[in-house]
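Pasting a structure here, questions to come.
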Amino acid sequence: MVENRGAWRSTVPPAAMDNRPANLGFGLGLRPQHYAEILESDPAIDWFEIISENYMVPGGQPLRMLDRVAERYPVVMHGVSLSIASTAPLDRAYLADLKTLARRVNPKWISDHLCWTGVHGVNLHDLMPVPYTEEALVHVADRIAQVQDYLGRRIVIENVSSYMEYECSEMSEWEFVGELARRADCWLLLDVNNVFVSGVNHDFNTGSFLDAVPRDRVVQFHLAGHSEGESCLIDTHDAAVCEAVWKLYGKALERFGAVSTMIERDGNIPPLADLLAELDQARAIAARVLAPEHQSL
Amino acid sequence: MTKLATLQAEVQRAILGKTSGADHLIAAPPLGTRLDRLGVYRTAYGLRLTEFLQNDYEKLRTYLGDVRFRELAESYSAAHPSDQPNARWFSRHLPEFLDTAPHYRRHPEVAELALLERALNDAFDGPEAPVCTMADAAAIKPEDFGEVILGIAPTVHRFAVTTNVTSLWASLKCGEAPPPPEDMAQKTELIVWRQASGSRFRILGDEEAMAIDCASQGLTFGVICEMIAVYDDAGSAALRAAGYLRGWIEAAIISCIRIRAEGTK
């Protein structure tokens, strides 16, 4: 479908199984509340995901801690401000800071969200949903290609939780995500909680979502908790992963196999031991679902 | 403008509260109304910006209380919508905003508390620099000290306050009720900087403040000594200057010490 692509022609070699990022195992988001315990006790966490913007600062304690964690654990960079679907020009200063941080951290990959965060010089600091139109598809695929060329690596794009959809959408979210990954030749981060939240909010079948996402593109899973708003579920990351999301995680494992999995927690941050217990739950589900006897059933 | 650009502009205007709604763009949800769903983003926008301010101005929030702080966050957000991808910089205009906001101009300790908190935050994650040691200073020959230039650490912030804001800050840090705000007869000189991993501040005497400002301007240690001699007792000026320098080095305020190259001013 090259004819549908925008003007940008990527110089990043095409995605293939031999350049697909390896499965890192089971990780957590790196949060300041846990710095000391992580560095003192070397907990059984396979890798850490950082919020890129939290470390896009001139210096000081955050970067020093990050350096120490990155010496011991594989690290992945996860951003919230790339605004890949915005119609505002790509923020070159932001991209330069992102690249500088990547040089420092040497992350296994860099991810951000399928969303826009603002236009006309304003940043809403939210993950605004995209209309699922051909126009948006061309626009976003083109911008991903530009970012990948600038960073010199393939990036990972995550599906967001959304609370509204647009009248003008011409396809489902999963059709959009799948087609985008193919056209932009990017990897995907499948946020299982986001699929669940959006599935409830827009009354779609989460199984259809999982079935439509290309298996060879997914390199990471996110798990998180959410809360109930007045008219919809809200992706708050301030609670433990709920049973329904664990169940959907099992289905995701059945479809995509062993994929790097991490738990996001951004509010009501509990002791590290609680998150380690949740991570063990993810490990147990993966072990059960991916066991040979289960797969042969 | 493309359809996508038009949609994003309209949705953003609705979230910022500049139009009554972009509901015609939103698909009918299975539960609630189009406006309910848009309202989730609108509410989240206000809450998020307030949270950014709370994170950066924790003591100001305690001082003002939740209700007044929320009102302040609303008026600040309206005047200074975020224009940065990194939320860390959203709150950076708050001290100046408070300085000129009609309601707060009558309460200068509020702007000064914000100024102090911003300086501490900026020092905390400010740029890295080498730290000069006493051994570095001892390596300079005594006869060369007059030509010494001091590099001030990039995390150093210097300013003066006119209220008892340092007492307010200290009480709030200890979780105690702050003393009543007070306009001081004389301004208080402050220095904020990072030492090891933490940011800190201290009150400077006028002479020391003058000395460190001269060092920041790149004046030689000899010139600084001469100015100190003019400021107070000339006989002990060199001793006082040496004391200041020792204190700055021990506090990691000096990032380098070098002898001015011949022929430069």
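The values are calculated or read from the model by the stated rules, or taken from the named source; none is laboratory data. Not measured: the values here are computed from a predicted model. Please note: Cβ atoms are built from the backbone with ideal geometry, for glycine as well, and neighbour counts cover all protein chains shown.
Provide a single number: the residues in the stretch B:86-104 that are farther than 13 Å from B:F52 by Cβ and assigned to a loop (DSSP other than H, G, I, E, B).
1
Of everything in the stretch A:220-243, what is part of a strand (DSSP E or B) and either without any contact (Cβ under 8 Å) to a residue 40 or more places away in the chain or farther than 21 Å from A:N23 by Cα (or both)? Give them in sequence order.
Going through the stretch A:220-243, the residues part of a strand (DSSP E or B) turn out to be A:220-223, A:227-228, A:233-234.
Scanning the stretch A:220-243 gives A:S227, A:E228, A:L233, A:I234.
Among (1) within 14 Å of chain B (Cβ to nearest Cβ); (2) farther than 19 Å from A:V259 by Cβ, where does A:Q148 come up short?
(1)
Which of the residues that make up the stretch A:68-110 are more than 22 Å from the chain's Cα centre (by Cα) and over 21 Å from A:N123 (Cα atoms)?
Residues satisfying the conditions are A:R68, A:E71, A:R72.
I'd like to verify a number: residues in the stretch B:183-199 that are in contact (Cβ under 8 Å) with a residue 40 or more places away in the chain and surrounded by 13 or more Cβ atoms within 10 Å (Cβ to Cβ), how many?
Start the filter on the stretch B:183-199 by keeping residues that are in contact (Cβ under 8 Å) with a residue 40 or more places away in the chain, which leaves B:183, B:190-196, B:198-199.
Those still in the list that are surrounded by 13 or more Cβ atoms within 10 Å (Cβ to Cβ) too: B:190-195, B:199.
Residues meeting the conditions: 7.
Let me ask another. Are any residues in the stretch B:166-209 within 14 Å of chain A (Cβ to nearest Cβ) and either of a type in the set (A, V, I, L, M) or touching a Phe, Trp or Tyr at 6+ places or on another chain (Cβ under 9 Å) (or both), and if so, which ones? Before you say what the answer is, go through the steps one by one.
Start the filter on the stretch B:166-209 by keeping residues that are within 14 Å of chain A (Cβ to nearest Cβ), which leaves B:192-200.
Listed by number, the residues that qualify are B:V192, B:W193, B:R194, B:A196, B:S197, B:G198, B:S199, B:R200.
Of all residues in the stretch A:34-67, which are under 18 Å from B:W89 (Cβ atoms) and either assigned to a loop (DSSP other than H, G, I, E, B) or within 18 Å of the chain's Cα centre (by Cα) (or both)?
A:I51, A:S52, A:E53, A:N54, A:Y55, A:M56, A:V57, A:P58, A:G59, A:G60
Further question on the same structure: So, B:L60, is that one buried (at least 20 other Cβ atoms within 10 Å of the Cβ), outside any loop (DSSP other than H, G, I, E, B), under 21 Å from the mean Cα position of the chain (by Cα) and touching a residue at least 24 places away in the same chain (Cβ under 8 Å) or not?
Numbers: buried (at least 20 other Cβ atoms within 10 Å of the Cβ): yes; outside any loop (DSSP other than H, G, I, E, B): yes; under 21 Å from the mean Cα position of the chain (by Cα): yes; touching a residue at least 24 places away in the same chain (Cβ under 8 Å): yes.
Yes: the conditions hold for B:L60.
Here's another thing I want to ask about it. Is it the case, given these coordinates, that A:E71 is assigned to a helix (DSSP H, G or I), without any contact (Cβ under 8 Å) to a residue 12 or more places away in the chain and within 8 Å of another protein chain (Cβ to nearest Cβ)? Explain how you work it out, then say what you get.
On the way: assigned to a helix (DSSP H, G or I): yes; without any contact (Cβ under 8 Å) to a residue 12 or more places away in the chain: yes; within 8 Å of another protein chain (Cβ to nearest Cβ): no.
No, not satisfied.
Here is a follow-up. Please determine, by comparing only the residues of the stretch B:28-52 that are among the small types (G, A, S) and surrounded by 15 or more Cβ atoms within 10 Å (Cβ to Cβ), which one is farthest from the other protein chains (Cβ to nearest Cβ).
Of the residues in the stretch B:28-52, the ones among the small types (G, A, S) are B:28, B:32, B:39, B:44, B:46.
The next check asks that each one be surrounded by 15 or more Cβ atoms within 10 Å (Cβ to Cβ); those that pass are B:32, B:39, B:44, B:46.
Numbers: B:G32: 3, B:G39: 9, B:A44: 6, B:G46: 11 Å.
Here the answer is B:G46.
What are the residues in the stretch A:247-258 that are touching a residue at least 12 places away in the same chain (Cβ under 8 Å) and surrounded by fewer than 19 Cβ atoms within 10 Å (Cβ to Cβ), if any?
Scanning the stretch A:247-258 gives A:G250, A:K251, A:E254, A:R255, A:G257, A:A258.
Ok, one more. Name the residues in the stretch B:195-234 that are small (G, A, S) and touching a helix residue (DSSP H, G or I) at 6+ places or on another chain (Cβ under 7 Å), would you?
Kept after step one, since they are small (G, A, S), are these residues of the stretch B:195-234: B:196-199, B:205, B:209, B:211, B:215-216, B:218, B:222, B:229, B:234.
Of everything in the stretch B:195-234, those that are small (G, A, S) and touching a helix residue (DSSP H, G or I) at 6+ places or on another chain (Cβ under 7 Å) turn out to be B:S197, B:S199, B:A211, B:A215, B:G222, B:A229.
Please enumerate the residues belonging to the stretch A:113-142 that are touching a residue at least 60 places away in the same chain (Cβ under 8 Å) and either within 24 Å of B:L16 (Cβ to Cβ) or facing chain B (nearest Cβ under 7 Å) (or both). Before you say what the answer is, go through the steps one by one.
Filtering the stretch A:113-142 down to residues touching a residue at least 60 places away in the same chain (Cβ under 8 Å) leaves A:114, A:134, A:137-139, A:141-142.
Selection gives A:L114, A:H139.
Mind checking whether some residue in the stretch A:95-104 is surrounded by fewer than 19 Cβ atoms within 10 Å (Cβ to Cβ), at pLDDT 95 or above and among the β-branched types (V, I, T)?
yes
Here are B:P95, B:P154: which of them is within 30 Å of B:I224 (Cβ to Cβ), within 13 Å of chain A (Cβ to nearest Cβ) and not aliphatic (A, V, I, L, M)? So that I can check it myself, show each step before the final result.
Values: B:P95 fails: within 13 Å of chain A (Cβ to nearest Cβ).
Result: B:P154 is the single residue among B:P95, B:P154 that is within 30 Å of B:I224 (Cβ to Cβ), within 13 Å of chain A (Cβ to nearest Cβ) and not aliphatic (A, V, I, L, M).
Of everything in the stretch B:63-84, what is within 14 Å of chain A (Cβ to nearest Cβ) and either in contact with a His (Cβ under 9 Å, 6 or more places away or on another chain) or part of a helix (DSSP H, G or I) (or both)? Give them in sequence order.
Filtering the stretch B:63-84 for residues within 14 Å of chain A (Cβ to nearest Cβ) gives B:73, B:77-84.
Selection gives B:A73, B:S77, B:A78, B:A79, B:H80, B:S82.
Quick one: count up the residues across the stretch B:115-139 that are away from chain A (no Cβ under 14 Å) and in a loop (DSSP other than H, G, I, E, B).
Within the stretch B:115-139, residues that are away from chain A (no Cβ under 14 Å) and in a loop (DSSP other than H, G, I, E, B) number 3.
Would you say A:Y163 is of a type outside the set (A, V, I, L, M, F, W, C), within 14 Å of another protein chain (Cβ to nearest Cβ), buried (at least 21 other Cβ atoms within 10 Å of the Cβ) and free of Cβ contacts under 8 Å to residues at least 60 places away in the same chain? So that I can check it myself, show each step before the final result.
Values: of a type outside the set (A, V, I, L, M, F, W, C): yes; within 14 Å of another protein chain (Cβ to nearest Cβ): yes; buried (at least 21 other Cβ atoms within 10 Å of the Cβ): yes; free of Cβ contacts under 8 Å to residues at least 60 places away in the same chain: no.
In short, no.
Any residue at all in the stretch B:78-87 that is hydrophobic (A, V, I, L, M, F, W, C) and surrounded by fewer than 20 Cβ atoms within 10 Å (Cβ to Cβ)?
Taking the stretch B:78-87 and keeping what is hydrophobic (A, V, I, L, M, F, W, C), we get B:78-79, B:87.
Filter once more, keeping what is surrounded by fewer than 20 Cβ atoms within 10 Å (Cβ to Cβ): B:78-79.
Taking every residue of the stretch B:78-87 in turn, at least one turns out to be hydrophobic (A, V, I, L, M, F, W, C) and surrounded by fewer than 20 Cβ atoms within 10 Å (Cβ to Cβ).
Of everything in the stretch A:38-64 that's surrounded by 14 or more Cβ atoms within 10 Å (Cβ to Cβ) and under 20 Å from A:A277 (Cβ atoms), which residue is nearest to the other protein chains (Cβ to nearest Cβ)?
Out of the qualifying residues, it is A:I38.
Shifting gears a bit: Being in contact with a His (Cβ under 6 Å, 6 or more places away or on another chain), closer than 28 Å to B:L35 by Cβ and crowded, with 24+ Cβ neighbours inside 10 Å narrows it down to one of A:V140, A:V197, so name that one.
Working: A:V140 fails: in contact with a His (Cβ under 6 Å, 6 or more places away or on another chain).
Only one candidate qualifies: A:V197.
Check whether at least one residue in the stretch A:213-228 is of a type in the set (S, T, Y) and under 17 Å from the mean Cα position of the chain (by Cα), and report yes or no.
Checked against the condition, which is being of a type in the set (S, T, Y) and under 17 Å from the mean Cα position of the chain (by Cα), the stretch A:213-228 yields no hits at all.
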